[in-house]
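Bear in mind these aren't lab numbers, they're just calculated from the coordinates by the rules spelled out. Keep in mind that this is a model prediction, so the values were computed, not measured. Cβ coordinates were reconstructed from backbone atoms using ideal geometry, including for glycine residues, and neighbour counts include every protein chain displayed.
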Amino acid sequence: MDTVVALRAGSPGRILALGAPLGAVALVLLGAQRDSLVASSTDVVAPSVVAVVTVIAGLVLGWRAWTQRAELDESGVRCRNLLVTFDVDWGLVESLRVERRGPLVLLELVLVHQRRSHRIGAATRRSGPSSEAVLAAVSQVAPASLRLDRTAS
């Protein structure tokens, strides 16, 4: 039987999910307070359009942050992050690197023959029991356990 680990966004992702739309609304309200939403003859795009696009972008980013997910099984990794979605077979994965950045623990895929790593956003947790639980769950998938690199930080 194949082991499947399904991860959903942790508290950092949830905070971002709430902060993105609130930040967008705050920007629009700050602009309104400074009379930046008053149209002038030199405006290429009406300020009200920019305000609406800002709020919509904040809502979309918040929704993407809230719905981050990753699934690791014997065949590979499927991940939906804030801005990108990817599906990678284990044969293309060089290592799963555990990064500690401040209070956060991140899990990154290092692909064969690529300099750039790909973060598994749904695995991002605050350091402590929550991050250890994610790493323990990831270790249950045999190909992931073989590639898990806890030495990077």
*Any idea how far apart Arg126 and Val49 come out in nm if each label point goes 7 Å out from Cα toward Cβ?*
4.3 nm
*For an R0 of 25 angstrom, estimate the FRET efficiency from the Cβ-Cβ distance between Gln114 and Ser139 and round to the nearest 0.05.*
0.60
_Residue-span extension gain [Thr85 to Ile15] - 0.36 nm each, minus C-alpha spacing_ = 23.2 nm
*For segment 108-121, in order, what is each residue's ³J(HN,Hα) by Karplus, 6.51 cos²θ - 1.76 cosθ + 1.60 with θ = phi - 60°, in whole Hz (x at glycine and Pro)?*
10, 8, 9, 8, 4, 6, 10, 6, 7, 9, 10, 6, 9, x
*For segment 1-22 and segment 125-153, compute the distance between their C-alpha centroids and round to whole Å.*
16 Å
*Which is farthest toward the positive dipole end of the chain among Pro21, Pro143, Val110, measuring Cα position about the Cα centre, with Cβ charges +1 (Lys, Arg) and -1 (Asp, Glu)?*
Pro21
_Integer Hz, Karplus 6.51/-1.76/1.60 couplings in order for segment 85-100, x for Gly and Pro_ = 10, 8, 9, 10, 7, 4, x, 9, 9, 7, 7, 10, 9, 8, 10, 10
_Once the Cα gyration tensor of the chain is diagonalised, semi-axes √(5λ) in Å_ = 39, 16, 13
*Tail fraction, Cα-Cα pairs, segment 4-93, threshold 22 Å, whole percent*: 47 percent
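Mean residue ellipticity at 222 nm from the helices of the chain, using -39,500 (n - 2.57) per DSSP H segment of n ≥ 4 over the full residue count, to the nearest 500 deg cm²/dmol?
-13000 deg cm²/dmol
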*Under Karplus coefficients 6.51, -1.76 and 1.60, residue-wise ³J(HN,Hα) of segment 138-149 in Hz, glycine/proline x*: 4, 5, 6, 8, 3, x, 5, 4, 5, 9, 5, 10
*Where the centre of each part is set by its Cα atoms, how far does segment 85-104 sit from segment 49-77, in angstrom?*
19 Å
